[in-house]
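> Sharing a structure here in structure tokens format.
The values are calculated or read from the model by the stated rules, or taken from the named source; none is laboratory data. All of these numbers come straight from a predicted model, not from anything done at the bench. Cβ sites come from the backbone with ideal geometry, for glycine too, and all protein chains shown count toward neighbours. Accessible surface areas use protein heavy atoms only, side chains included; no ligands, DNA or RNA. Shrake-Rupley method; radii C 1.70, N 1.55, O 1.52, S 1.80 Å.
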Amino acid sequence: MGRDKISSGSASDEPPKLSPGDFRTYNRMSEQMQAFHNHFRLIWKQLYEACSATGKNPAGLSARQIIMTGLQFCSQLDFHHSIEERHIFPVLASKMPEFRKELELLSQHKLIHAGLERLGGYLEKCKTGEEDMRREEIKRLMDTFGEVLWTHLDQEVNTLRAEHMRKFWSLEEMRRLPM
């Protein structure tokens, strides 16, 4: 009887430890997503710092460089999300509820996309001369979706980590997943 009590403890509820190779297979999507997201974090920080600083040419970026970097950021993040939504999330959603349309990760995409449209629209007007570029306006627009963006970047990577993926996918299935 005492043996049964010991074996029903939490240690037996834990999945077996993954070999290094199996861990890499299960963690591959998380690592790849982290690389993409680190790029977006870097550009966001560069823009945000350039628009937060004061002086004639803070952070070493000219007005034109800020506009072009901002437009490139908007375009690249929008493209990244469209690939996820068309090719990656539908496959993951077949087994993982986090990637279904009505849930948080895709809802975050919608909020981020709305922010990108506002920021990109303003930057396009600045590029054409319709508006004077104001760093404080770019920063204000970034602030409207910055929190959800940063939460999303972290949450998506965490959802794709090995310990979570192995709950839903076999090693063979992981090898066939896109990305």
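> Taking the condition at pLDDT 95 or above and over 29 Å from Arg161 (Cα atoms), does Thr25 pass?
For Thr25, the condition - at pLDDT 95 or above and over 29 Å from Arg161 (Cα atoms) - is not met.
> Taking the stretch 86-110 as the search range and keeping residues that are open to solvent by 80 Å² or more (accessible area, probe 1.4 Å) and part of a helix (DSSP H, G or I), which one is modelled with the lowest pLDDT?
Among residues in the stretch 86-110 that are open to solvent by 80 Å² or more (accessible area, probe 1.4 Å) and part of a helix (DSSP H, G or I), the one modelled with the lowest pLDDT is Glu104.
> Which pairs turn up if I take residues in the stretch 100-111 that are farther than 18 Å from His37 by Cα and look for partners that are surrounded by 15 or more Cβ atoms within 10 Å (Cβ to Cβ) and aliphatic (A, V, I, L, M) with beta carbon separation below 8 Å, at least 6 apart in sequence or on another chain?
Close Cβ pairs (under 8 Å, with a partner that is surrounded by 15 or more Cβ atoms within 10 Å (Cβ to Cβ) and aliphatic (A, V, I, L, M)) amount to Arg100/Ala93; Arg100/Leu106; Lys101/Ala93.
> Do we find that Thr159 is open to solvent by 70 Å² or more (accessible area, probe 1.4 Å), at pLDDT 95 or above and hydroxyl-bearing (Ser, Thr, Tyr) in this structure?
The answer is no for Thr159.
> Right, something else. What pairs can you find where one residue is in the stretch 124-144 and open to solvent by less than 40 Å² (accessible area, probe 1.4 Å), the other is aliphatic (A, V, I, L, M), and their Cβ atoms are less than 6 Å apart, with a gap of 6+ or different chains?
As it stands, the answer is Cys126/Ile67; Cys126/Met133; Leu141/Leu119, since those pairs meet every condition given.
> Related question: Taking only the stretch 53-80 into account, find how many residues are of a type outside the set (Ser, Thr, Tyr) and either at pLDDT below 95 or open to solvent by 40 Å² or more (accessible area, probe 1.4 Å) (or both).
Residues flagged as of a type outside the set (Ser, Thr, Tyr) and either at pLDDT below 95 or open to solvent by 40 Å² or more (accessible area, probe 1.4 Å) (or both) within the stretch 53-80 amount to 16.
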